[in-house]
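S.K.: For reference, the structure I am asking about is given below.
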Amino acid sequence: MAGPDAGKPLSAYTELRADGSTAAGCWIYTGVYADGVNHAANRKPGQEQGPAASEWGWAWPANRRILYNRASADPAGKPWSERKKYIWWDQEHGKWVGDDVPDFPVDLAPDSKPDPSVGGPAALSGDDPFIMQADGKGWLFAPKGVMDGPLPTHYEAQESPVANGLYPQQQNPARLVFPRADNLSAPSAGTSGADIYPYVFTTYRLTEHHTAGGMSRWLPYLSELQPEMFCEVSPELAAERGLEPYGWATIISARSAIEAKVLVTDRMAPLKVGGHTVHQIGLPYHWGVGNNAVVSGDAANDLLGVTLDPNVQIQESKVASCDIRPGRRPRGKELLALVAEYQARAGVTIETGNSAVTNPAAEGIKLAGDNGHADGGPG
């Protein structure tokens, strides 16, 4: 804060002002140092507080543990369930109360109606819990704002050995693809070559990681906790592919191949989908290049292609198809030859997996010189 309160930490982001009298590096963290106390270090045991556990650590924004929690009460402000009540309207005191920080104007009564002439947050009624929506409502039917609406649905990922069980369209037709020789995609279920990459790898961070590899790999104490790249596989997949616990495995995608130590675990349970078994391989982010990195090794990112979701253009290809085999990967030209050999066996080209409509015949689309079935979708 500026003026006579200069240097005083703000208690909440609602205290921020656009006149230069306040400052915040990131608004969502405003309040973590309210009253000059580091509330992120709060450690009151759960059995000594309510169900929201608001005195253990600090959650952004405003130490609120559940967003849109006004929805835990009915339009009249009464809990939908006494057993699970969370936030409710206190008629006597004229405010929202409960086990969490209300995600709603604290003094806006349930029966409040806005002035028709106003806009923005002031235009919300007392029974509009979804305050980040223009109308305050939760949308199942989204008439605007999404490129692949108006109803939520399911599509398989850009690469998947599983056919879409809902309809013939395999991938999201509005996804953003980048057909390039250095960004090839594996064939998906129902197309020739899909069996060359029969498994699914999924990527994730570990508890010991600080945001991402770019930060973690420089910190000795975090590197000591997670010193080596590994892959998680089920006992069934380990037996099927001859993988030894704590031995080496090579994971091959349509773009590259990496090596990792093998962790055999029940965490990566095989799935039964469409009458056949689908094995998953878990690959944590973290390791990779860096001359001064404390740890070294291959990176899961090397296996990934670039395909973006149509709305916020975040990478949807952090799960993809692959093969896995025992032993370390080859180096140099031999590594490139291994990847190229898989590509050739699968018949991968720049067009593979990049058709917007994956089954034109099922959509009633007739393509000139085509048999009605485009690459990338189930037959």
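Only the coordinates and a few stated rules stand behind these numbers; no lab work does. Since this is a predicted model, take the numbers as computed values, not measurements. So basically every Cβ, Gly included, is an ideal-geometry build from the backbone, and we count neighbours across all protein chains shown.
S.K.: Given H placed on each backbone N at 1.01 Å, which residues far from Val273 in sequence or on other chains put an amide H within less than 5 Å of it?
M.R.: It is Val278, by chain and number.
S.K.: With the cut-off at 1.5 for a/c, could you classify the stretch 258-322 from its C-alpha gyration tensor as rounded, prolate or oblate?
M.R.: Oblate is the answer for the stretch 258-322, as a/c is 1.5 or above yet b/c matches or exceeds a/b.
S.K.: Additional query: Lys/Arg Cβ at +1, Asp/Glu Cβ at -1, dipole of the stretch 41-164 taken about the Cα centre: which of Gly120, Gly149, Gln49 is farthest positive-ward?
M.R.: Gln49
S.K.: What's the extension gain from Arg325 to Asn292 if we count 0.36 nm per residue and subtract their Cα-Cα distance?
M.R.: Taking 0.36 nm per residue and subtracting the Cα distance, the gain is 8.8 nm.
S.K.: Normalised by the number of residues in the chain, what is the relative contact order in percent for Cα pairs under 8 Å and 6+ residues apart?
M.R.: 15
S.K.: Further, regarding this structure: Amide H to amide H under 5 Å from Arg255: which residues, 5+ apart in sequence or cross-chain, H placed 1.01 Å off N in plane?
M.R.: Result for Arg255 returns nothing.
S.K.: Kirkwood Rh and Cα-based Rg: tell me the resulting Rg over Rh for the stretch 176-346, rounded to two decimals.
M.R.: Reported Rg/Rh, Kirkwood definition of Rh: 0.96.
S.K.: Next up: When the convex hull of the C-alpha atoms of the stretch 53-178 is computed, what volume per residue in Å³ does it have?
M.R.: In the stretch 53-178, the Cα hull volume divided by residue count equals 201 Å³.
S.K.: So, in nm, how far is label Glu55 from label Thr211 when the simple model puts each one 7 Å beyond its Cα toward the Cβ?
M.R.: 3.2
S.K.: In the chain, what percentage of the DSSP-assigned beta bridges are antiparallel, given to the nearest 5?
M.R.: Rounded to the nearest five, the antiparallel share is 70 percent.
S.K.: On a full-extension model of 0.36 nm per residue, what is the gain between Val146 and Phe178, subtracting their alpha-carbon distance, rounded to one decimal in nm?
M.R.: Numbers: separation 32, 0.36 × 32 = 11.52 nm, distance 2.06 nm.
So the chain would gain 9.5 nm between Val146 and Phe178.
S.K.: Something else about it: Hey, what's the Cα Rg ratio for the stretch 3-48 versus the globular rule of thumb, 2.2 N^0.38 Å?
M.R.: 1.37
S.K.: Sticking with this structure for a sec: Write down the Kirkwood hydrodynamic radius of the chain, to one decimal in angstroms, obtained as one divided by the mean of 1/r over all alpha carbon pairs. Before the final figure, lay out the partial values.
M.R.: Working: mean 1/r = 0.0400 Å⁻¹.
Final number for the Kirkwood radius of the chain is 25.0 Å.
S.K.: Another question about this same structure. Per residue of the stretch 217-223, in order, report the coupling 6.51 cos²θ - 1.76 cosθ + 1.60 (Karplus, θ = phi - 60°) as ³J(HN,Hα) in whole Hz, putting x for Gly and Pro.
M.R.: 6, 8, 9, x, 6, 6, 5
S.K.: Taking θ = phi - 60°, what integer Hz values does the Karplus form 6.51 cos²θ - 1.76 cosθ + 1.60 yield along the stretch 334-344, in sequence order, with x for Gly and Pro?
M.R.: In residue order, the calculated couplings are 5, 5, 4, 5, 4, 5, 5, 5, 5, 4, 5 Hz.
S.K.: Roughly what would the spin-label model give for Thr265 and His39, points 7 Å off Cα along C-beta, in nm?
M.R.: 3.3
S.K.: Once amide H atoms are placed 1.01 Å from N in the peptide plane, what residues at a sequence separation of 5 or more from Ala320, or on another chain, have their amide H within under 5 Å of its amide H?
M.R.: Phe201
S.K.: Next up: Output wanted: per-residue J couplings in Hz (rounded whole) for the stretch 85-95, from phi through Karplus 6.51 cos²θ - 1.76 cosθ + 1.60, θ = phi - 60°, x for Gly and Pro.
M.R.: Result, rounded to whole Hz: 4, 9, 10, 8, 8, 9, 4, 5, 9, x, 7.
S.K.: I've got another one for you. Enter the mean projected area of the convex hull around the alpha-carbon atoms of the stretch 212-258, in nm², rounded to one decimal. Let's see the in-between values first.
M.R.: Working: hull surface 18.3 nm².
That works out to 4.6 nm², a quarter of the Cα hull's surface.
S.K.: Whole-Å semi-axes of the stretch 35-118's equivalent ellipsoid, largest first, each the root of 5 times a Cα gyration tensor eigenvalue?
M.R.: Taking √(5λ) for each Cα gyration eigenvalue gives 27, 16, 10 Å.
S.K.: If a/c stays under 1.5 just call it rounded; otherwise compare a/b with b/c (prolate if a/b is bigger, oblate if not). Do that for the stretch 136-212, with a ≥ b ≥ c from the square roots of the Cα gyration tensor eigenvalues.
M.R.: Details: a/c = 1.91, a/b = 1.22, b/c = 1.57.
Oblate shape, in that a/c is at least 1.5 and b/c is the bigger or equal ratio.
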